[in-house]
Amino acid sequence: MTVNVSKPAINVREKLAELDKPTAPSYHQFRFTGDASETEFSLPTGWTAFAVYSTSGAILLEGSSDDYTVSDNVITFAVAPSAADFTVIGELKL
């Protein structure tokens with residue numbers, strides 16, 4: 001009796017091990033322009049604010065008693081940004 005054993009095209013153990021490896025977070029820069037009246041700005045679905053800073057380079061503080069808060073993908077400023085640009089470094093939530 002002869003038994004032929006062949007190697008599968010895909011090594012399932014290797015593929016499962018790859019799934020266990022953590023993936024690096026993805027970051028993207030989003031730019032917004034304030035109008036001195038709007039306080040809420042939305043990032044695309046799946047993104048959240050990692051850092052927010054003004055065009056002058058000042059890093060804004062996150063927190064209910066600070067510059068802004070984040071809920072899901074919406075950034076809410078305590079005081080509406082003036083007619084100047086600000087930048088959000090977004091982090092893609094995996």
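Counting residues in segment 77-93 that are among the basic types (Lys, Arg) and surrounded by 12 or more Cβ atoms within 10 Å (Cβ to Cβ) gives one or more. The C-beta contact set for segment 18-36 (first residue more than 16 Å from Tyr53 (Cα to Cα), second residue in a strand (DSSP E or B), distance under 8 angstrom, 6+ apart or interchain) comprises Pro25/Glu91; Pro25/Leu92; Ser26/Glu91; Ser26/Leu92.
You will find that of Ser56, Ser6, the residue that is exposed (fewer than 10 other Cβ atoms within 10 Å of the Cβ), within 18 Å of Thr87 (Cβ to Cβ) and modelled with pLDDT under 85 is Ser56 and no other.
The values are calculated or read from the model by the stated rules, or taken from the named source; none is laboratory data. Keep in mind it's a predicted model, so treat the numbers as computed, not measured. Every residue, glycine among them, receives a Cβ derived from its backbone with ideal geometry; neighbour counts consider all protein chains shown.
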